[in-house]
Amino acid sequence: MDIRSTVAVLMGRGENADAFTELADRLALDGHRLTVVPDGAHRIPAVVETRVPGVPFVLLGSDTGALAALAMVGSPAVRPDGLILLGLPLLHVPVAGLPVEEPSPRTLPDLPILLMHGADDEVSPLPLVRMTTRTAPRAELGVTPGGHDLLAGPGRRSVAARTVLFLESLRDC
């Protein structure tokens, strides 16, 4: 099967690659390749290596990984075609005992962006995320049942479905 898009995943606090297995399996059914990028000093080169010429390239960040993805958008080496931000943390509330170290975004970049957020997220309340999306004309916000852990919560199938739709929309551009 041809690769339809590549997705580089930046994990958040307390997450490991296993958290993305179900999403990766679902995306693979439609020809989208998801690669979890390890933390560390070589993160940007590892992200760039996931690219496949001629197909959309997307950064997917979960929790503080979403903040890292937003920070990488400005790197000339990365240049994503879109962003998927899961549970974007806009408050400095610890998760898994770890604080937020990256700054919260003041605005979102002018790229196609899918934000997925739990309706009952106490780490980053939904009204704050709604306010942030007002600064990005190409952003869409999907709200799922549950809290901050979107990949294990009751809305995980919705996250996968919306992600596939978003990736397909990038191919149509």
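Applying a threshold of 6 Å to beta carbon distances and a minimum spacing of six or more residues, or different chains, the list of pairs starting in segment 116-129 at a residue that is without any contact (Cβ under 8 Å) to a residue 60 or more places away in the chain and ending at one that is aliphatic (A, V, I, L, M) and assigned to a helix (DSSP H, G or I) reads 116/159; 117/126; 117/129.
Filtering segment 126-145 to residues that are touching a Leu at 6+ places or on another chain (Cβ under 8 Å), surrounded by fewer than 19 Cβ atoms within 10 Å (Cβ to Cβ), modelled with pLDDT of 90 or more and not aliphatic (A, V, I, L, M) leaves 130, 138, 140. Checked against (1) of a type in the set (A, V, I, L, M); (2) under 29 Å from residue 79 (Cβ atoms); (3) modelled with pLDDT under 95; (4) out of contact with any strand residue (DSSP E or B) (no Cβ under 6 Å at 6 or more places or on another chain), residue 152 passes all but a single condition, namely (2). In segment 23-45, the qualifying residues are those that are at pLDDT below 90 and in a helix (DSSP H, G or I), and the one that is least open to solvent (accessible area, probe 1.4 Å) is 43. Residue pairs whose Cβ atoms lie under 6 Å apart, separated by 6 or more positions or on different chains, with the first residue in segment 160-173 and touching a residue at least 12 places away in the same chain (Cβ under 8 Å) and the second part of a helix (DSSP H, G or I) and open to solvent by less than 50 Å² (accessible area, probe 1.4 Å), are 160/23. Of all the residues in segment 74-104, those that are touching a strand residue (DSSP E or B) at 6+ places or on another chain (Cβ under 7 Å), among the small types (Gly, Ala, Ser) and either farther than 16 Å from residue 137 by Cβ or surrounded by fewer than 19 Cβ atoms within 10 Å (Cβ to Cβ) (or both) number 1.
Only a single item in (1) among the hydrophobic types (A, V, I, L, M, F, W, C); (2) in contact (Cβ under 8 Å) with a residue 60 or more places away in the chain; (3) part of a loop (DSSP other than H, G, I, E, B) is not met by residue 52, and it is number (2).
The set of residues in segment 55-70 that are assigned to a loop (DSSP other than H, G, I, E, B) and either open to solvent by 10 Å² or more (accessible area, probe 1.4 Å) or in contact with a His (Cβ under 6 Å, 6 or more places away or on another chain) (or both) comprises 55, 56.
Within segment 105-125, is there a residue that is touching a His at 6+ places or on another chain (Cβ under 9 Å), within 21 Å of residue 27 (Cα to Cα) and open to solvent by 30 Å² or more (accessible area, probe 1.4 Å)? Within segment 105-125, none of the residues are touching a His at 6+ places or on another chain (Cβ under 9 Å), within 21 Å of residue 27 (Cα to Cα) and open to solvent by 30 Å² or more (accessible area, probe 1.4 Å).
The values are calculated or read from the model by the stated rules, or taken from the named source; none is laboratory data. Quantities reported herein were computed from a predicted structural model and do not represent experimental measurements. Here Cβ is always computed from backbone atoms with ideal geometry, including for glycine, and neighbour counts include all displayed protein chains. With ligands, DNA and RNA removed, areas are computed over all heavy atoms of the protein, side chains included. Shrake-Rupley method; radii C 1.70, N 1.55, O 1.52, S 1.80 Å.
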